[in-house]
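Enquirer: Questions regarding the structure given below will be posed in turn.
The values are calculated or read from the model by the stated rules, or taken from the named source; none is laboratory data. None of the values given here were measured: they were computed from a predicted structure. Positions of Cβ are backbone-derived with ideal geometry, glycine not excepted, and every protein chain shown enters the neighbour counts.
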Protein chains: 2
Amino acid sequence: MKNEKVLYREYLKSKNLKLTKPRCVILAAIFENHGHFNVDELYEQIREKHKNVSRATIYRTIPLLIESGMIRQSLRCESKDIYEHTYGNENHLHFICTNCGKIIETSFSKVADQIDKLAKNEGFEITEYSLAARGLCKKCKKKELKSEK
Amino acid sequence: MKNEKVLYREYLKSKNLKLTKPRCVILAAIFENHGHFNVDELYEQIREKHKNVSRATIYRTIPLLIESGMIRQSLRCESKDIYEHTYGNENHLHFICTNCGKIIETSFSKVADQIDKLAKNEGFEITEYSLAARGLCKKCKKKELKSEK
DNA sequence: AATTTTATTGAGAATGAATCTCAACTGCAT
DNA sequence: ATGCAGTTGAGATTCATTCTCAATAAAATT
């Protein structure tokens, strides 16, 4: 967490932006979290301790955090944007169960290698992967088999 | 195009739904198109010939076409959902230029193979891939290099 | 430390894509 | 042709996200 704050401060300075209280609170809340979050969840989480951070500020802060490379947009779920923090810089491939909503993360270095090759062919420079596959998770697949009979 | 209509009729029948004029017009418009479309574009395209098909009907028809397997949701761009028809069943990997909006499609069978392996590990059954990478296309990359000096 | 400059904030209004409502309408089976 | 669903267009509604603006706070300057 210390690390993130330092990076953030530097990023903001480089853009002539200010390290304000709300921005710190939001950063901390995100890194308290593990896994994915959307704006609503984040807002509720923050509200528990800080009654005076508005949704608008969260919405305004997210692009900064993305630009600075600390979080990334990962998916869309129930017509809400979902984000995740970037620990080192590992990207994920997401398996999203269309039945129960479960999200399974897998590392994907081999997949990325293939994609990088394809990108190179096109002269395309990738800054962000967005890889997902929808379908049924193990549990829901079993349920479906049962209910068919 | 004939083919699609037959498939569509069958799908609708199987669900006790009717093959109506607006549904036909929408189907035809989609298959006139090559590549991607969003609801607005489709609406404008249809409007040129048929003044009496509403946006609402397009929005209502799209889930049917997805369910029947004739189109799929492919991306999100400028906060609009984007769709594409499924010719055979080839999926694509999309490279989306964050500067000019260009979308480059590449086939991705090798990538899919890797992903299928990962899915198998998780006992996950994939019904739909959603693979994209954002970044800069060739042209925009060049421009950026120039403007930096 | 006080002042000036400039970015930032919260609150609520505005936007815009997608969904819903409902009375009028249309396929389609009989 | 008749009747029963399912369907439609138009506009209202929803809901995530963005914008506006006067009040405020952080950094820069003195």
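Enquirer: Being among the hydroxyl-bearing types (Ser, Thr, Tyr), in contact with a helix residue (DSSP H, G or I) (Cβ under 7 Å, 6 or more places away or on another chain), at negative phi and near DNA strand C (Cβ under 9 Å from one of its atoms): is that true of A:THR20 here?
Expert: No, not satisfied.
Enquirer: Hey, can you tell me all the residues within segment A:119-130 that are modelled with pLDDT of 85 or more and within 14 Å of B:ARG134 (Cβ to Cβ)?
Expert: A:ALA119, A:GLU122, A:PHE124, A:GLU125, A:ILE126
Enquirer: From the list B:ASP40, B:ASP116, exactly one residue is of a type outside the set (Val, Ile, Thr), assigned by TED's automatic domain parsing to the domain that holds B:LYS141 and outside any loop (DSSP other than H, G, I, E, B). Which is it?
Expert: It is B:ASP116.
Enquirer: Just for segment B:15-34: of the residues that are within 12 Å of DNA strand D (Cβ to nearest atom) and among the polar types (S, T, N, Q), which one is farthest from the other protein chains (Cβ to nearest Cβ)?
Expert: Top of the filtered list is B:THR20.
Enquirer: Take the residues of segment B:100-137 that are loosely packed, with under 14 Cβ neighbours inside 10 Å and in contact (Cβ under 8 Å) with a residue 12 or more places away in the chain: which is nearest to the other protein chains (Cβ to nearest Cβ)?
Expert: Ranking the candidates gives B:SER107 first.
Enquirer: Considering each of B:ILE58, B:ILE30, B:ILE62, B:ILE66 in turn, give the residue that is more than 12 Å from DNA strand C (Cβ to nearest atom), surrounded by 14 or more Cβ atoms within 10 Å (Cβ to Cβ) and under 28 Å from A:CYS77 (Cβ atoms).
Expert: B:ILE30
Enquirer: Moving to a separate point now. Filter segment B:73-86 down to residues that are more than 14 Å from B:PHE31 (Cβ to Cβ) and in a strand (DSSP E or B), then give me how many there are.
Expert: Here the count works out to 8.
Enquirer: I'm checking my understanding of the structure. Among residues of segment A:35-89 that are closer than 26 Å to A:ALA133 by Cβ, among the hydroxyl-bearing types (Ser, Thr, Tyr) and within 14 Å of chain B (Cβ to nearest Cβ), which one is nearest to DNA strand D (Cβ to nearest atom)?
Expert: Here the residue is A:SER79.
Enquirer: Determine whether B:PHE37 is more than 10 Å from DNA strand C (Cβ to nearest atom), in contact with a helix residue (DSSP H, G or I) (Cβ under 8 Å, 6 or more places away or on another chain), among the aromatic types (Phe, Trp, Tyr) and closer than 30 Å to A:GLY123 by Cβ.
Expert: Yes.
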